[in-house]
Structure formats: C-alpha cells, structure tokens
Amino acid sequence: MKKYDVVVVHGDGIGREVCQAALDVIQAIPDVSSAFNFRDLPAGAGEYLKSGSVFPDETFEACKASDAVLHGATGIPEVTYADGTEVGIEFGLQMRFRLDLYANIRPIKLRPGITSRLRDRKPGDIDYVIVRENTEGLYAARGNGVILRDELAVDTLTMTRKGIERICRSAFELARSRNGAPSDGKRRVTCCDKANVLRSYAFFRKVFNEVGEEYPDIEKDYAYADAMTCHLIERPGFYDVIVTENMFGDIISDLAAVTVGSMGMSPSAELGERNGFFQAAHGSAPTIAGQNIANPYGSILSAASMLEWLGQRHRDERLGRAAAQIDRAVNAAMGSPKGLTRDLGGNASTSGIAELVIQNLPAALDEAAA
Ligand code: IPM
Ligand code: MG
C-alpha cells in the first residue's frame with residue numbers, strides 16, 4: 001500500500017502547538033497513521049535566528065519532493081529584514097512561489113456549537129469558499145519592490161492570463177462540486193476585484209468572464225473588494241465560491257474567519273499541479289505562544305483537507321474517509337461545552353481540543369458507516 005511522505009514544519013509561536021494537535025488527530029487513526037512517513041524539518045524566523053536561513057535548502061528540497069507539507073505557523077514580528085518586511089513569513093511565501101501553489105482554498109463554514117459574531121446566524125447559514133490566487137497579484141512583488149533614495153517606494157501588481165484562467169477554473173470546478181449557496185441553493189462564483197479602478201483588476205474580470213462561459217450552469221456574480229467586506233457581514237449566506245486576487249483574498253479571508261468564530265477557524269489548502277501545502281490561515285500569534293491556549297481547529301481541519309486532497313489524487317479511499325471522519329469529529333467536539341478555546345468563548349486548551357476530537361473519532365466513523 002502506498003506510503004505518503006509528509007514534511008512537517010512546526011514553525012514559530014503557536015505553530016508547534018497547533019501543528020502537534022493536528023498530527024495527534026491524524027495519528028489517532030491507525031489505518032491512516034500507518035500510511036504516512038512524517039518528517040520534521042525546520043523553517044521560519046526561529047530557524048533564521050539560529051542558522052541564518054529562513055527556508056533551508058534541505059527543507060525546500062524535501063517539501064518539493066514530498067506528497068504534502070503540513071505547517072503550523074511561522075513569523076516573529078520583530079525579526080525583520082532591513083527594509084522592514086518580516087523574515088519568518090518568507091517560508092510560506094517562497095513555498096507558494098517556488099512550488100507554484102497557485103490555488104489557496106479557504107473554506108468558511110459556520111459549524112455547530114459556534115456562536116457567530118453576526119447576529120442570528122445558525123450553523124449552515126454560512127458556507128462558502130474563498131479561492132485566493134496565491135502566486136500573482138500584489139504579493140508577487142514581495143522582495144522585488146523598489147525603494148528609491150528613501151523618498152519613493154513601489155510594489156507592482158502582476159496579473160497574467162495563465163494565472164487568472166487557472167484560478168478561475170479552480171473556482172468554477174469547485175462550485176460544480178458543491179451544493180450552492182446556503183440562502184438560495186444556487187451554484188455561484190463571485191469575482192471579487194476592483195475592476196472599477198485598475199486595469200489589472202478589469203483584466204482579471206474579463207478573463208473570469210471568458211472562463212465562466214465554459215460553465216453555463218454556474219451563476220456569475222461580481223463584487224468590488226471594498227463592498228465585499230460589507231456583503232460578507234450582511235449577507236454571507238448568498239456566497240458559494242469567491243475567487244479573488246492574492247491580497248484581497250488575504251484580507252477578506254481574515255474577515256470571513258471571524259464571522260464563523262475566530263481567526264483560529266481558518267483552514268487552508270494551498271495547491272499546485274504537483275504539491276500541496278496545508279496550514280491554518282492565522283499567524284504565529286506570539287503573544288499567546290507556549291501557553292497551550294491557541295485554537296487548533298484551523299490546523300486540524302487543514303490536516304483533514306490534506307487527507308482529502310491526497311485521497312483524491314491517489315484514489316485512496318482510506319484517506320477520504322478519514323478526512324470526513326475528522327470533519328465530523330471536529331463538529332462533535334465543537335458542539336460539546338468543553339470544545340471551545342478562549343477565542344470562541346470557552347476555556348479549553350489546545351491539547352484538550354485535540355483529545356476531544358480524538359475521543360469523538362470512533363463515533364464519527366460509525367456515523368459514516370450508518
Ligand atoms: C495568510 C497569511 C500570509 C499571507 C502571511 C503569513 C504571509 O496572512 O496566509 O493569509 O499574507 O498570505
Ligand atoms: Mg492572511
């Protein structure tokens with residue numbers, strides 16, 4: 001039976017705690033655990049301080065050759081380059097650029113047991129996916145902007161036809177596999193841009209429309225990124241799949257995560273044609289690191305999406321089943337009074353959540369069999 005090589009990068013801050021929680025959950029499913037070779041490798045700001053390299057070559061080569069990479073979080077805010085930008089996040093950004101992980105898939109789902117910060121929203125009312133372009137846009141300028149004589153600074157926003165086509169196609173394909181928006185059941189892809197202001201975004205929208213013609217069964221919808229921040233508060237149930245440029249995706253996904261609980265609830269899957277990188281979208285939260293209080297649900301759900309992706313790619317049903325099992329066990333854990341960390345209004349610990357999810361795994365499997 002196939003064995004999967006997974007590189008684990010715990011990283012900085014709460015990275016180690018949340019990543020360990022995700023690993024503990026996977027390892028509690030014997031059938032799946034035995035299918036993996038996990039290899040811990042260093043990267044991030046702590047590693048930079050130690051060895052001078054934020055993303056050592058050995059780690060990069062192993063990530064490139066691996067079946068998937070599981071990551072906690074990286075970044076120490078005070079550790080910056082001379083230009084003021086942060087060092088630790090270089091790891092994730094380089095991973096995206098060098099392995100061409102163009103699709104950043106960020107599900108936003110209000111789950112049982114979670115009280116939305118939006119009034120009167122129940123589980124099931126919010127269920128959409130942000131498809132964030134992950135290699136172009138404004139962030140493609142990372143490390144390549146210009147500072148001139150301490151008087152002028154420029155970062156350019158890049159869009160390519162190839163890049164827009166493939167991210168839009170990912171979004172339409174995803175919409176086809178889903179059941180539509182909660183409020184009206186319609187399959188819909190919303191293009192989130194600022195086509196009214198910049199040519200690059202107008203081009204994004206044009207190519208979105210061209211790709212959309214191949215998907216007559218999916219409704220096309222449009223929102224300017226600024227207005228989108230209102231819509232996601234006022235009518236989140238209208239959204240099914242949202243496709244957007246890199247920086248806009250970064251911004252709206254934080255806003256969206258808070259509407260379904262907190263930043264800790266933000267799983268993500270960063271996918272290319274060959275490689276997959278799985279981490280929660282929150283950062284390294286240094287102020288709460290080492291206290292065993294960080295919310296690990298985002299990491300646990302990212303690990304589940306790793307299993308799902310690998311299962312699909314390798315037609316390995318064990319992994320797909322395990323992903324669904326973890327998803328249900330997470331719902332069960334959240335639904336119990338002990339299943340909420342501080343950010344969600346409870347006082348559970350990081351490791352306590354992992355244990356609770358693990359306790360709920362057997363019932364989650366039975367549910368699948370029923
Ligand atoms: C995210 C994060 C990253 C980003 C940082 C850590 C570089 O905020 O994945 O959303 O800005 O993309
Ligand atoms: Mg972000």
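The values are calculated or read from the model by the stated rules, or taken from the named source; none is laboratory data. Only a predicted model underlies this, so the values are computations on that prediction, with no experimental measurement involved. Reconstructed Cβ throughout: ideal geometry from the backbone, glycine too, with neighbour counts over all protein chains shown. Accessible surface areas use protein heavy atoms only, side chains included; no ligands, DNA or RNA. Shrake-Rupley method; radii C 1.70, N 1.55, O 1.52, S 1.80 Å.
In this structure, is SER183 within 16 Å of ligand 1 (Cβ to nearest atom), in contact with a Gly (Cβ under 6 Å, 6 or more places away or on another chain) and assigned to a loop (DSSP other than H, G, I, E, B)? In short, no.
The conditions of being among the hydrophobic types (A, V, I, L, M, F, W, C) and open to solvent by 10 Å² or more (accessible area, probe 1.4 Å) are not met by ALA322. Of the residues making up the range 268-309, those that are more than 12 Å from ligand 1 (Cβ to nearest atom), surrounded by 24 or more Cβ atoms within 10 Å (Cβ to Cβ) and of a type in the set (A, V, I, L, M) number 7.
Scoring LYS64 on the criteria (1) open to solvent by less than 50 Å² (accessible area, probe 1.4 Å); (2) at pLDDT 95 or above; (3) of a type outside the set (Val, Ile, Thr) leaves a single failure, condition (1). Considering the range 301-370, the qualifying helices (runs of 4 or more DSSP H), each wholly inside and each with 3 or more residues that are within 20 Å of HIS71 (Cα to Cα), run over 317-335, 350-359.
Filtering ASN331, ASN347, ASN360 for residues that are closer than 19 Å to VAL260 by Cβ and in the same structural domain as PRO296 (by TED's automatic domain parsing) leaves a single hit, ASN331. Under the condition of being farther than 23 Å from PRO123 by Cβ and within 15 Å of ligand 2 (Cβ to nearest atom), the residues counted in the range 230-266 number 8.
When ASP83 is tested against (1) in a loop (DSSP other than H, G, I, E, B); (2) without any contact (Cβ under 8 Å) to a residue 40 or more places away in the chain; (3) exposed (fewer than 14 other Cβ atoms within 10 Å of the Cβ), just one condition goes unmet, and that condition is (2). Just to be sure, is GLU270 assigned to a strand (DSSP E or B) and either within 28 Å of THR160 (Cα to Cα) or assigned by TED's automatic domain parsing to the domain that holds ILE29 (or both)? Judged against the criteria, GLU270 is a match.
Of the residues in the range 214-234, none is within 16 Å of ligand 1 (Cβ to nearest atom), open to solvent by 10 Å² or more (accessible area, probe 1.4 Å) and within 14 Å of the chain's Cα centre (by Cα). For ASP12, the requirement of being more than 30 Å from GLY124 (Cα to Cα), touching a Gly at 6+ places or on another chain (Cβ under 9 Å), open to solvent by 20 Å² or more (accessible area, probe 1.4 Å) and of a type in the set (D, E, K, R) is not met.
Taking (1) modelled with pLDDT under 95; (2) at positive phi in turn, ALA285 satisfies each apart from (1). Between a first residue in the range 245-269 that is without any contact (Cβ under 8 Å) to a residue 40 or more places away in the chain and a second residue that is within 10 Å of ligand 2 (Cβ to nearest atom), which pairs have beta carbons less than 7 Å apart while being 6 or more apart in sequence or on different chains? Pairs that qualify, where the first residue is without any contact (Cβ under 8 Å) to a residue 40 or more places away in the chain and the partner is within 10 Å of ligand 2 (Cβ to nearest atom), are ASP254/MET263. Does the range 293-312 contain at least one residue that is over 26 Å from TYR4 (Cα atoms), of a type in the set (S, T, N, Q) and touching a helix residue (DSSP H, G or I) at 6+ places or on another chain (Cβ under 6 Å)? For the range 293-312, residues over 26 Å from TYR4 (Cα atoms), of a type in the set (S, T, N, Q) and touching a helix residue (DSSP H, G or I) at 6+ places or on another chain (Cβ under 6 Å): present. With the structure loaded, tell me whether GLY92 is assigned to a strand (DSSP E or B) and within 29 Å of ASP155 (Cα to Cα) or whether it fails that test. It is false that GLY92 is assigned to a strand (DSSP E or B) and within 29 Å of ASP155 (Cα to Cα).
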